[in-house]
Amino acid sequence: MAFSKVVSSVILVVSFLSPTFTLAFPGPNPGFSPGGGGGSGGGYAGLCPEFYEFSCPQANDIVMSVLEKAIGREPRMAASLLRLHFHDCFVQGCDASILLDDSATIVSEKKSGPNNNSVRGFDVIDEIKAKLEQACPQTVSCADVLALSARGSTVLSGGPSWELPLGRRDSKTASLSASNANIPAPNSTIQTLIALFNRQGLDETDLVALSGSHTIGVARCVTFRQRLYNQNGNNQPDATLERTYYNGLKNTCPRLGGDNNIFPLDLASPIRFDNTYFKLILQGQGLLNSDEVLLTGNVGKTMELVKEYAGNEGVFFEQFANSMVKMGNISPLTGSNGEIRKNCRQINN
Ligand code: HEM
Ligand SMILES: *[C@@H]1O[C@H](CO)[C@@H](O)[C@H](O)[C@H]1NC(C)=O
Ligand SMILES: *[C@@H]1O[C@H](CO)[C@@H](O)[C@H](O)[C@H]1NC(C)=O
């Protein structure tokens, strides 16, 4: 891929400059180890799992201790944090652009169609970042905090773990327009879902596996109302909705009003990361159109994968881990690009 070529040449340059660069670039053995400085390790787009091994060895422990408290207080927080990483990575890459508030130079992504009244968890990210700044000032990026929080949230909800490449840096920009254009809407067709994932270098397998995130968390009425009352412009419900399930949904989501009423994405086990999401899709109980069309959209590959993951949680967990690494590697800022923000909500002065 073109960008990994660019990244490796940047890292070569960085290695030559390393004596002066070392302080500003607190990776493991900056510039001296093979693929050092958080360099080209593992073909991970310039990221490597050991990135903070020397500069902030306790980084993951700090993240996990804050997550344990936050998710203990409110189990849904795991889902909200997992989703934040997704909405970050699909916009300018995994660069913490989603965390920036409005300012003189920034138009925040927080008010985009997919994000407005929907994304949450910013206070938890702030708490993690504040603790990291105390322990290892200006070392761990907000983009890595999001990636670590997504993994930790998955694990604490009963899902798989994975070796997580690190060393992302934080953007100095956000993109409201890309947030509106790149993040799929819940009423997307299967073709649109595939196209928007392909645009990020993700394939149909990644689409199905990562949609499995909807094994935890909730959605607002406004995101699935179309299916209940007017799926195809003919004032009829989506015929793929199982009948009893459909009747229950109408209680939460009337034809008019109640936009912000919430319903679990996985009705059977809403705070447990497992493969029930896929079993429910087989029963016509996927909540969003984007969930159900993985099975009913007439794309053989996604249909087969829904069935496979419904029948085998181990296969789902393994692919989920692989696809999370892949998503986490979307266009990271590395080397001297971007910065390590002190406060995740604003760029450094
Ligand atoms: C395939 C395309 C996807 C679509 C169309 C989609 C859409 C949505 C929508 C509409 C919601 C409910 C938001 C609300 O009502 O406020 C939601 C929730 C959620 N999404 Fe997705 N999503 C997709 C993929 C993903 C991916 C790839 C991930 C993570 C890797 C993810 C993780 C989540 C989680 C965990 C929640 C629950 C959040 C909470 O309870 O706070 N989604 N998604
Ligand atoms: C975001 O949601 C608020 C509250 O519902 C609404 O008033 C506002 O118009 C929305 N903003 C955008 C940009 O859609
Ligand atoms: C999805 O919803 C939006 C906004 O409600 C609407 O404009 C669009 O036509 C819908 N798309 C599909 C495929 O139904």
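The values are calculated or read from the model by the stated rules, or taken from the named source; none is laboratory data. From a predicted model like this one, the values you see are computed outputs, not experimental measurements. Glycine gets a Cβ as well: all are built from the backbone with ideal geometry, and neighbour counts include every protein chain shown.
Overview of results
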{"read-out": "Where residue 180 falls short, out of the listed (1) within 16 Å of ligand 2 (Cβ to nearest atom); (2) over 15 Å from residue 115 (Cα atoms); (3) in contact with a Gly (Cβ under 8 Å, 6 or more places away or on another chain)", "value": "(2)"}
{"read-out": "Residue identified as modelled with pLDDT of 95 or more, within 17 Å of residue 216 (Cα to Cα) and either among the hydroxyl-bearing types (Ser, Thr, Tyr) or within 16 Å of ligand 2 (Cβ to nearest atom) (or both) among 157, 141", "value": "157"}
{"read-out": "Looking only at region 140-152, and only at residues there that are of a type in the set (Gly, Ala, Ser) and assigned to a helix (DSSP H, G or I), the one that is surrounded by the most Cβ atoms within 10 Å (Cβ to Cβ)", "value": "143"}
{"read-out": "Residue in region 267-287 that is assigned to a helix (DSSP H, G or I), at pLDDT 95 or above and within 20 Å of residue 84 (Cα to Cα) present", "value": "yes"}
{"read-out": "Test: residue in region 242-262 that is more than 25 Å from residue 116 (Cα to Cα) and of a type in the set (A, V, I, L, M)", "value": "no"}
{"read-out": "Identity of the residue in region 318-338, assigned to a loop (DSSP other than H, G, I, E, B) and away from ligand 1 (no atom under 12 Å from the Cβ), that ends up surrounded by the most Cβ atoms within 10 Å (Cβ to Cβ)", "value": "332"}
{"read-out": "Every residue from region 135-186 that is within 15 Å of residue 324 (Cβ to Cβ) and touching a Cys at 6+ places or on another chain (Cβ under 8 Å)", "value": "143, 146, 147, 165, 166, 168"}
{"read-out": "Condition broken by residue 259, with the remaining ones in (1) of a type in the set (D, E, K, R); (2) surrounded by 19 or more Cβ atoms within 10 Å (Cβ to Cβ); (3) closer than 24 Å to residue 74 by Cα; (4) without any contact (Cβ under 8 Å) to a residue 60 or more places away in the chain satisfied", "value": "(2)"}
{"read-out": "Scan of region 62-93 for residues that are within 14 Å of ligand 1 (Cβ to nearest atom) and among the small types (Gly, Ala, Ser), ordered by number", "value": "70, 78, 79, 80"}
{"read-out": "Selection status of residue 222, closer than 18 Å to residue 84 by Cβ and modelled with pLDDT of 95 or more", "value": "no"}
{"read-out": "Cross-chain or 6+ apart pairs with Cβ under 9 Å, region 160-176 first and within 16 Å of residue 46 (Cβ to Cβ), then of a type in the set (Asp, Glu) and surrounded by fewer than 24 Cβ atoms within 10 Å (Cβ to Cβ)", "value": "166/50; 169/339; 170/339; 171/339"}
{"read-out": "Number of the exception - residue 137 against (1) within 16 Å of ligand 1 (Cβ to nearest atom); (2) surrounded by fewer than 19 Cβ atoms within 10 Å (Cβ to Cβ)", "value": "(1)"}
{"read-out": "Cβ-Cβ under 7 Å pairs, at least 6 apart or on other chains, region 103-117 side over 15 Å from residue 88 (Cβ atoms), far side more than 9 Å from ligand 2 (Cβ to nearest atom) and part of a loop (DSSP other than H, G, I, E, B)", "value": "107/174"}
{"read-out": "Hits in region 300-324 - residues which are within 13 Å of residue 205 (Cβ to Cβ) and among the hydrophobic types (A, V, I, L, M, F, W, C)", "value": "303, 305, 306, 315, 316, 320, 321, 324"}
{"read-out": "Residues of region 94-128 that turn out to be away from ligand 1 (no atom under 15 Å from the Cβ) and of a type in the set (A, V, I, L, M, F, W, C), as a count", "value": "7"}
{"read-out": "Residue satisfying condition, being within 16 Å of ligand 3 (Cβ to nearest atom), buried (at least 18 other Cβ atoms within 10 Å of the Cβ) and at pLDDT 95 or above, within set 190, 106", "value": "190"}
{"read-out": "Number of the exception - residue 314 against (1) of a type outside the set (D, E, K, R); (2) over 19 Å from the mean Cα position of the chain (by Cα); (3) part of a loop (DSSP other than H, G, I, E, B)", "value": "(3)"}
{"read-out": "Per-region count, region 84-102, residues in a helix (DSSP H, G or I) and surrounded by 24 or more Cβ atoms within 10 Å (Cβ to Cβ)", "value": "7"}
{"read-out": "Positions within region 262-296 being away from ligand 3 (no atom under 16 Å from the Cβ) and among the polar types (S, T, N, Q), in sequence order", "value": "269, 275, 276, 283, 285"}
